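Worksheet for the structure shown next.
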Amino acid sequence: MKRTLEAPSNVSSETYRVYCGRDKSLTHRAIMFASLAEGTSTVLQPLLGADCLSTLSCFQALGVKVDVITDSPARVIITSMGSKHFTQPTRDLDCGNSGTTVRLILGILAAQKSLTFRLVGDESLSSRPMKRVVGPLRAMGASIEGPGDGNFLPLTVHGRDLRPVAHTIDKASAQIKSSLLLAGLFCRGTTHVELPKGSRDHTERVLQTMGAAIRTSTTDTLEVIDLAGPFVVKPMNVSIPVDPSSAAFFAGLGLLKSQGLIEMPEVLDNPTRTGFMNVLNRMSKGLQFIRSESQGFVEPVGLLSVKGGLPLFGTTIDESEVPTLVDEIPLLAVVAAFAKGPSLFRGLSELRVKESDRLLLTAALLEAAGAVYEIRGDDLWIAGGLEAVKPFTFDPKGDHRLAMAAAIMARRCKKPCCILDSECVRVSFPNFYEALDAVNSF
Ligand code: S3P
């Protein structure tokens, strides 16, 4: 579906309270751990976006019972006999658009002795590299086959007994790290993972909370994790905070407004996810994030407030910062286009293998809006100083984050703009347009 976005014209300096979508990474992990555990778990306020529904449907195919209750507060009740009793699926496991689903679940499935699985996904997912997890899982004894020597879906997994291995990973990727840790849960002995610092640490935190024998440490550049297996996961009840990656779009909108305040409660407060706030703090004095007292969330939460009408300056994002804001680059590029002075985002190679080539598509959005930018290898330079956004039609190529970044850009245009396939936002933030419609542009 294509959507024409027009900036609302009522001028007001109100305060808006925006409840953004719940956290995608945490919802995936809650579903996975609940499915591994024997008994009933409740995931309160889950994200019911397309990606997390893909994860749910994969575990349903393994015999896990899932009740999705959409009344407020939404919840998913998961009843499992435990991973030992997963049943042979009679259908393909469809991971849809979700890289997190396929990469994390591979670590689990590879260890399910005497079961066979076939993983498939949509066109975007089928072109994304899987060797980054398949390779290290094979080193643990996994049997995973697919096109490109196991680099692409469809992948066939024959569950096996796995052995613990010391892995050295060259990417700061939470998906790779988590996949190996999930496989490590089924191994007798210590799974060791070393990788560049900064990727999200939700899997480690959940394992720590559940009492697994997991040790994490960091050096200047590396993080090191040791997990002693086997570990049997217990059922749990968890409440999911708001996704900082979704809140980022409203943080950007708030800073680009000429006045008013946007407040976002219950935003996940985890430094491996809030790198975009550090960047926006360097660009403007309009952002505040205060830890809330709220109890019961799987990780701490805070109130994010963003004030419009303040000066906005260009900034540099270093490669080492990228893992903490890897999904927020398209939005940060939109904000940087309006800043006083240039911005330089360094080391964006991982963006090329996300749901789309996000570096190219971010550039295409800047181009369509009339911003001045340059791609220099894997770096993005943005001139800043954009005043009049050109009315544009933009095709996010099915990438939810690009569609939302384009919608924020469209808010700065005096004429209507058009986003093709605008409904792809359902992957991570199903009520994005409703939330956006409730906030004026001024
Ligand atoms: C995710 C990790 C990130 C991120 C993705 C979700 C996760 O990928 O881009 O949207 O939930 O573990 P990488 O860690 O592979 O960069």
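Here is how the numbers come out for the structure above:
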quantity: Alpha carbon centroid spacing (whole Å) that separates segment 98-125 from segment 139-191; calculated: 10 Å
quantity: 10 Å beta-carbon shell around Gly314, net charge (K/R +1, D/E -1); calculated: +2
quantity: Environment charge of Gly99, counting only residues whose C-beta is closer than 9 Å and scoring Lys/Arg +1, Asp/Glu -1; calculated: +1
quantity: Shape category assigned to segment 24-239 from the gyration tensor of Cα positions, a/c cut at 1.5; calculated: rounded
quantity: Ordering of 341-348, 68-75 by packing [mean C-beta count within 10 Å, highest first]; calculated: 341-348, 68-75
quantity: Rounded to the nearest 10 Å², the accessible area of Thr156 at probe 1.4 Å; calculated: 40 Å²
quantity: Cross-link reach list, lysines versus Lys307, counting only Cα pairs under 18 Å and skipping chain neighbours closer than eight places; calculated: Lys257, Lys285, Lys340
quantity: Pairs of Lys in segment 24-239 closer than 27 Å at Cα, counting only those 8 or more apart or on different chains; calculated: 23
quantity: Crossing angle, helix 174-184 versus the chain [Cα axis fit, 0-90 degrees, rounded to tens]; calculated: 10 degrees
quantity: Near-label residues of segment 405-442 by backbone N, under 19 Å of a point 7 Å along Cα→Cβ of Arg17; calculated: 431-432, 434-440
quantity: Per-residue HN-Hα couplings for segment 323-335 [Karplus 6.51, -1.76, 1.60; θ = phi - 60°; Hz; x = Gly/Pro]; calculated: x, 7, 8, 4, 8, 9, 4, x, 5, 5, 5, 4, 5
quantity: Segment 24-239: relative contact order in percent, alpha carbon pairs under 8 Å with at least 6 residues between; calculated: 20 percent
quantity: Cα-based helix-to-principal-axis angle, 50-61 vs the chain, degrees rounded to 10; calculated: 10 degrees
quantity: Solvent-accessible surface (1.4 angstrom probe) belonging to Asp92, in square angstrom, nearest 10; calculated: 60 Å²
quantity: Along the chain, longest interval not containing exposed GluC sites (Glu not before Pro), exposed being DSSP loop plus at most 16 other Cβ atoms within 10 Å; calculated: 15-292
quantity: The chain: most fluctuating residue of Pro196, Pro330, Pro244 per GNM, C-alpha cutoff 10 Å; calculated: Pro196
quantity: Phi-based couplings in Hz for segment 18-30 (Karplus 6.51, -1.76, 1.60; Gly and Pro marked x); calculated: 10, 9, 7, x, 6, 6, 6, 4, 5, 5, 3, 5, 4
quantity: Cross-link partners of Lys397 among aspartates and glutamates (Cα-Cα below 14 Å; sequence separation of 8 or more within a chain); calculated: Asp122, Glu123, Glu355, Asp357, Asp421, Glu423
quantity: Heavy-atom accessible area ranking, 1.4 Å probe, most first, across Met236, Met130; calculated: Met236, Met130
quantity: Partner aspartates and glutamates for Lys414 [C-alpha distance under 12 Å; skip if fewer than 8 residues away on the same chain]; calculated: Glu6, Glu387
quantity: Sites matching chymotrypsin sites (Phe, Trp or Tyr not before Pro) across segment 232-287 that sit in DSSP coil, with at most 16 neighbouring C-beta atoms within 10 Å; calculated: none
quantity: Estimated vicinal HN-Hα couplings, Hz - segment 232-239 in sequence order (Karplus 6.51, -1.76, 1.60; Gly, Pro = x); calculated: 9, 6, 9, x, 8, 10, 9, 10
quantity: Rounded to 5, percent antiparallel among DSSP beta bridges of segment 221-304; calculated: 75 percent
quantity: Principal-axis tilt of helix 358-369 within the chain, Cα atoms, nearest 10 degrees; calculated: 20 degrees
quantity: Percentage relative contact order, the chain, counting C-alpha pairs under 8 Å, at least six apart; calculated: 18 percent
quantity: Share antiparallel - DSSP beta bridges, the chain, percent rounded to 5; calculated: 75 percent
quantity: Cut-off under 5 Å, modelled amide H: who pairs with Phe394 long-range; calculated: Cys418, Ile419, Leu420
quantity: Euclidean distance of C-alpha centroids, segment 16-74 and segment 260-338, integer Å; calculated: 25 Å
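The values are calculated or read from the model by the stated rules, or taken from the named source; none is laboratory data. Here the structure is a predicted model, which is why all the values come from computation and not from measurement. FYI the Cβ positions are ideal-geometry reconstructions off the backbone, even for glycines, and counts take in every protein chain you see. For the accessible areas, the whole protein counts, side chains as well, though only heavy atoms, and no ligand, DNA or RNA atoms are used. Shrake-Rupley method; radii C 1.70, N 1.55, O 1.52, S 1.80 Å.
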